[in-house]
Amino acid sequence: MVTLQNAENALKSVYLGTVTDLLNTRVNPLLSKIEQTSADVWGKEIRTAARFGINGGVGAGDEDGDLPDAYGNNYLQFVSTLKNLYGQIEISDKAIRASADGRGAFTDLLNAELEGLLNASKFNLGRMLYGDGSGKLCTMQTKDTDVVCDNTRNLIEGLVVDVYNASGKKGTARIGYVDRAAKKLTLEGASVTLAAGDTLYVQGSKDKEITGIGALFNGDSIYGVKKSAHPFLKPYTKNVGGGIDEIVMQEAIDALENDAGSTVDFIACSQDAKYSFIDYMSSYKRNIDFMELDGGFKTLSYNGMPLVYDRFVPDGSMYLLNTKAFKLHQLCDWRFLETENGKILRQNQGKPTYTATLVKYCDLICQKPNGQAMLTGITRA
């Protein structure tokens, strides 16, 4: 007979390992290439030493002259707080009782809930990877008297968002519909009215998300260090202002190799940048190569490197990344929150439902920000 205790045991002993593996390797091709480690985690912070430049203790000299002075490596200390990532599943008491006499029905129930959690995590983890840590989804603006989004790539039906204006938080609402062609969205209920200048964030997430790729290219500070004080931290950027081609891409790859000693092994692009690349290859009657990545992802290939389309890359943009410079520092891997009695299923107050919460405390650190590149302004011919 299926009971609440059976559900707890199944979630802990059977499902946790599978879900952890799926969240770490199969929700996003970039995440699957990034090393995850518990190193350099101190309390609630990540403190890691990033080496730059070369050791200075080299030189030539006379046969009986002085040896070169010894100079050690150059280091900067990167500091970041661990970010709190949560995912919840909910099971009703009625559903548990309805499946009490059938393990197959109960398994289907848990599978459906966990599949929903994985789909939501796939969207949010992918979005955060390419975000800047602020959690900002879009900004509302006026177009032909209508209030529209500046972009819809971070929006999806069902997402619960906080709406902010210049004065602060206006309210919280759930997205009912996204008109991607017209860049409009509809919020469920009428508690919040959108106006030009409003910004949207995932509920409760403003300035609390992991430090994604966007943070390397936005703002003057990264991991507590000012780029203006250390210009070598600035990554490579170039406005293409037209269609993409191999020369532009290779220039960026060579610049990273020569100036930062960084080897590109992963390319991520927006949809229009992908189409521009395909147009370029087709115009020269060149075959487009494909490759399969760990985690079952199939993607385009450029000179043996994966060229991945990701909806969360800004429009008209392409990232050329050295994934070996990134690490996801974590206090622990995904775990269920437990009560003092070791319970993971908790009844929602005043409701006949139970929730279980997955949690992970982590942040993404790039040891070589100047070893990454971003091409912008890519358009189709």
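The values are calculated or read from the model by the stated rules, or taken from the named source; none is laboratory data. Because the structure is predicted, anything quoted here is derived from the model rather than measured. Here the Cβ positions follow ideal geometry from the backbone for every residue, glycine too, while neighbour counts run over all protein chains shown.
Overview of values
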{"quantity": "Selection from segment 244-278 of residues that are closer than 19 Å to Arg311 by Cα, in contact (Cβ under 8 Å) with a residue 24 or more places away in the chain and not polar (S, T, N, Q)", "calculated": "Ile244, Phe266, Ile267, Ala268, Cys269, Asp272, Ala273, Lys274, Tyr275, Phe277"}
{"quantity": "Any hit, segment 44-58, residues being crowded, with 18+ Cβ neighbours inside 10 Å, over 28 Å from the mean Cα position of the chain (by Cα) and not in a helix (DSSP H, G or I)", "calculated": "no"}
{"quantity": "Qualifying residue in segment 322-345 (condition: in a strand (DSSP E or B), in contact with a Gly (Cβ under 9 Å, 6 or more places away or on another chain) and on the phi < 0 side of the Ramachandran plot)", "calculated": "no"}
{"quantity": "Residue match in segment 307-317 (condition: touching a residue at least 60 places away in the same chain (Cβ under 8 Å) and either under 28 Å from Ala49 (Cα atoms) or part of a strand (DSSP E or B) (or both))", "calculated": "yes"}
{"quantity": "Candidate set from segment 151-183 (those that are surrounded by fewer than 17 Cβ atoms within 10 Å (Cβ to Cβ) and either in contact (Cβ under 8 Å) with a residue 40 or more places away in the chain or hydroxyl-bearing (Ser, Thr, Tyr) (or both)); member that is nearest to Gly214 (Cα to Cα)", "calculated": "Asn151"}
{"quantity": "From the options Lys226, Lys274, Lys170, residue that is assigned by TED's automatic domain parsing to the domain that holds Phe297 and among the basic types (Lys, Arg)", "calculated": "Lys274"}
{"quantity": "Set Val161, Val192: member being in a strand (DSSP E or B), β-branched (Val, Ile, Thr) and in contact with a Lys or Arg (Cβ under 9 Å, 6 or more places away or on another chain)", "calculated": "Val161"}
{"quantity": "Residues being over 19 Å from the mean Cα position of the chain (by Cα), crowded, with 16+ Cβ neighbours inside 10 Å and not hydrophobic (A, V, I, L, M, F, W, C) - total across segment 273-300", "calculated": "4"}
{"quantity": "Filtered residue count, segment 105-146, keeping only those that are in a helix (DSSP H, G or I) and of a type outside the set (Ser, Thr, Tyr)", "calculated": "23"}
{"quantity": "Test: residue in segment 324-331 that is touching a helix residue (DSSP H, G or I) at 6+ places or on another chain (Cβ under 8 Å), farther than 30 Å from Gln88 by Cα and modelled with pLDDT of 90 or more", "calculated": "yes"}
{"quantity": "Within segment 172-189, tally of residues that are in a strand (DSSP E or B) and at positive phi", "calculated": "0"}
{"quantity": "Residues that are in a loop (DSSP other than H, G, I, E, B), within 20 Å of Gln372 (Cβ to Cβ) and touching a Leu at 6+ places or on another chain (Cβ under 7 Å), drawn from segment 245-290", "calculated": "Ser262, Val264"}
{"quantity": "Evaluation of Asp108 against (1) modelled with pLDDT of 80 or more; (2) surrounded by fewer than 19 Cβ atoms within 10 Å (Cβ to Cβ); (3) under 30 Å from Lys360 (Cα atoms); (4) out of contact with any Leu (no Cβ under 7 Å at 6 or more places or on another chain) (one fails), failing number", "calculated": "(1)"}
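To keep it simple, each residue is scored yes or no on (1) surrounded by fewer than 16 Cβ atoms within 10 Å (Cβ to Cβ); (2) at pLDDT below 95.
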residue	(1), (2)
Gly197	yes, no
Val202	no, yes
Gly212	no, no
Phe217	no, no
Asp220	yes, yes
Gly224	yes, yes
Lys227	no, yes
Leu233	no, yes
Tyr236	no, no
